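Enquirer: Take this structure, written in structure tokens, and hold onto it; I'll ask about it next.
The values are calculated or read from the model by the stated rules, or taken from the named source; none is laboratory data. What you see is a predicted model, and the numbers here were worked out from it, not measured in a lab. Note that each Cβ is placed from the backbone with ideal geometry, even for glycine, and that neighbours are counted across all protein chains shown. These area figures cover heavy atoms from the full protein model, side chains too; ligands, DNA and RNA do not enter into them. Shrake-Rupley method; radii C 1.70, N 1.55, O 1.52, S 1.80 Å.
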Amino acid sequence: MPKKVVIVGAGAGGGLTASRIRKTVPEGQAEITVIDKTGRTDFQPSYTLVSLGNREPSQISVSMDKFAKTGIRSVKGEVTEVDVRNRMVTVGTQKIEYDTLVLSPGVKFDGKSFPGYDSAYHFWDMENSIALRKKLSEFRGGKIVLGVTTQMYKCPPVPWEMAMMLDDYFRARGIRDRVEITVAHWARKPMAMFGPVISDPVGRWLEEKGIKTIDGFKLTAIDGEGQKLVGESGEKVDYDLAIIAPPHRPPDFVSGNADLASSSGWLDSNAKNFRNRSYDDVYAIGDAIAPSIGIGMAGVFAHFQADTAASYVAGDIIGSYDPVPYNTLGLCASDTGDAGWIAYCDFRHKIADARTPFPDCRSMGRSRILKVAHAIYEKYFLASIYGGWY
Amino acid sequence: MEKPDARIERMLGMIEDLEPTLKTIKKLQESGLMSILDALAEQSDAIFNYASTMEVLGAASAVIRFIPIISSAVGDLDNEKLESSMRAISWNALISNLLAAIESIGREMGKIEMPSTRPGIMALLSEARSPETTFLLRLMRAVARDIMDQEMENREGSGKPQE
């Protein structure tokens, strides 16, 4: 009898786990099902490019239907319940049984819980990136402020990266002198969470491009009518367009489930084999475990976690398969508008001891050659999950 | 003078030593370029994961810094510029990164074992882990170390601050 492997989420974590298991375990030994509420895999680091009109959604997105050619079943729908005691996942009215469950559901955006958030824009998902694209194309001048509502959000460097991309975008449109770009962020320096090796050059680049920063700004509310961001001490920042990361929360099926959630309320896991502490047939990876294991939310973490989790799942099924050790490296092919830049950090010590101030980071670039690195990874990522060239 | 039988024995021993290398060559011939590319694509997951180390990325970073300097100087066909560019390169950092990369590759090669139904690049790499390959890796390390030592001596001799 083939083992029933159910994977929740078709993004970097879930999508890669499915393809890795399929490559390692023959169809006769594992029946793989992937469940995702969007029914597709997006290359999320390119949402910035969709917002700026440099990518069409179809270029960075693949339908889960493509899984069929490798014998993977896909179910489009939102998981409403996971019963680990009876090995059952509920999607709407469907009940799906499993022998092994891999959870990589991502996060839920909860703009409604933040005062005034409905007047802000963002690029943390496809639909909102398309809306922001329209807004930016109509923007003729004024103040753009980028910020975050939360300490934990997907891709920590992206507010400053997007600010530099916006600088390039408005220069190309010939209206840069009419646009003021500001990043108002809780970090005490731009990208301070990665240490001075990253923070110092980024600070210089922002200055060089005339991008303002308000460091140590803890956003508490958005005054949509008055067009002001309100900080913790009542300080206000005027805006004409606010691009703000929404509150990130664990999916509902996690937060109310004591078997799945850690004390942080996010998915329970560990940074060695990604198994749940009580149920060894349940694995959890990706953004939804980030607060539990003390690491940021980023696709590259989910990518390497998928490699490791898939190797353990393969071992569970075929009996003898060497696990892939977890690669704690974070790699970010970033954009500075005019050039490309790669930052790479080893989070090993940060994961082992949360008091470690920042990971061991280095960078390469800023160079025009590296502009292509993002595009290569985009193509590699989608091909790695679905095969072929997208 | 060595007896003919002893010579044949010695040659047979040498052939036996070379067997892993010969097997590798045979596989390369049998597989052809397309098969190798196919296998490379098939194993790209493992390669991406294992190649993403601070050492390998450090070496790539050094190369990225190196390419524009040389290409610009060569493109201009300006010998003086080329010479000054070569002097500006941080050879110490470059070579130490390359050394770290070579060591990392040597260390990681033993760990790479991917089950595959067809001969993939990892199988080829596994075959390539012959004494000859080890020798070549050591030779590269020795040459790199020698260049670095010379660089250090030159710097000390010229009284310039070290990298």
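Enquirer: Can you list the strands (runs of 3 or more DSSP E) found entirely within the stretch A:87-146 that contain at least 3 residues being open to solvent by less than 50 Å² (accessible area, probe 1.4 Å), closer than 30 Å to A:Ala314 by Cα and in contact with a strand residue (DSSP E or B) (Cβ under 8 Å, 6 or more places away or on another chain)?
Expert: Answer list for the stretch A:87-146: A:88-91, A:100-103.
Enquirer: What is the number of the single condition among (1) touching a Gly at 6+ places or on another chain (Cβ under 9 Å); (2) at negative phi that A:Met191 does not meet?
Expert: (2)
Enquirer: So, one more: Any residue in the stretch A:130-137 that is of a type in the set (S, T, N, Q) and free of Cβ contacts under 8 Å to residues at least 40 places away in the same chain?
Expert: no
Enquirer: Here is a follow-up. Of all residues in the stretch A:298-323, how many are farther than 17 Å from A:Val6 by Cβ, away from every other protein chain (no Cβ under 12 Å), part of a helix (DSSP H, G or I) and aliphatic (A, V, I, L, M)?
Expert: 1
Enquirer: Then there is this: Considering only the stretch A:249-257, I want to know if a residue exists there that is more than 21 Å from the chain's Cα centre (by Cα), more than 28 Å from A:His349 (Cβ to Cβ) and among the hydrophobic types (A, V, I, L, M, F, W, C).
Expert: Within the stretch A:249-257 (the criterion being more than 21 Å from the chain's Cα centre (by Cα), more than 28 Å from A:His349 (Cβ to Cβ) and among the hydrophobic types (A, V, I, L, M, F, W, C)), the answer is no, since none of the residues qualifies.
Enquirer: Within the stretch A:247-266, identify whether any single residue is closer than 17 Å to A:Leu146 by Cβ, buried (at least 21 other Cβ atoms within 10 Å of the Cβ) and touching a strand residue (DSSP E or B) at 6+ places or on another chain (Cβ under 7 Å), and answer yes or no. Spell out how you get there, then give the answer.
Expert: At the first step, the residues of the stretch A:247-266 found to be closer than 17 Å to A:Leu146 by Cβ are A:247-248.
From what is left, the residues that are buried (at least 21 other Cβ atoms within 10 Å of the Cβ) are A:248.
Okay, now just the ones that are also touching a strand residue (DSSP E or B) at 6+ places or on another chain (Cβ under 7 Å), so A:248.
The answer is yes, given that some residue of the stretch A:247-266 is closer than 17 Å to A:Leu146 by Cβ, buried (at least 21 other Cβ atoms within 10 Å of the Cβ) and touching a strand residue (DSSP E or B) at 6+ places or on another chain (Cβ under 7 Å).
Enquirer: Residues that are more than 30 Å from A:Gly340 (Cα to Cα): find the strands (runs of 3 or more DSSP E) completely inside the stretch A:1-61 holding 1 or more of those.
Expert: A:3-8, A:30-36
Enquirer: Let me ask something else. Just the residues that are out of contact with any strand residue (DSSP E or B) (no Cβ under 7 Å at 6 or more places or on another chain) and open to solvent by 20 Å² or more (accessible area, probe 1.4 Å), please, taken from the stretch A:325-344.
Expert: Taking the stretch A:325-344 and keeping what is out of contact with any strand residue (DSSP E or B) (no Cβ under 7 Å at 6 or more places or on another chain), we get A:325-327, A:335, A:337-338.
Within the stretch A:325-344, A:Pro325, A:Tyr326, A:Asn327, A:Asp335, A:Asp338 meet the criteria.
Enquirer: So, in the stretch A:17-33, of the ones that are over 14 Å from A:Val6 (Cβ atoms) and either away from every other protein chain (no Cβ under 12 Å) or in contact with a His (Cβ under 6 Å, 6 or more places away or on another chain) (or both), which residue ends up surrounded by the fewest Cβ atoms within 10 Å (Cβ to Cβ)?
Expert: Ranking the candidates gives A:Gly28 first.
Enquirer: Looking only at residues that are more than 10 Å from chain B (Cβ to nearest Cβ) and among the aliphatic types (A, V, I, L, M) in the stretch A:353-372, which one is surrounded by the most Cβ atoms within 10 Å (Cβ to Cβ)?
Expert: That would be A:Val372.
Enquirer: Can I ask one more? Being closer than 15 Å to B:Thr53 by Cα and outside any strand (DSSP E or B) is the filter here; which residues of the stretch A:350-365 pass it?
Expert: A:Pro359
Enquirer: For the list (1) among the basic types (Lys, Arg); (2) more than 12 Å from chain B (Cβ to nearest Cβ); (3) surrounded by fewer than 17 Cβ atoms within 10 Å (Cβ to Cβ), I need the number of the one condition that A:Lys350 fails.
Expert: The single condition A:Lys350 does not satisfy is (3).
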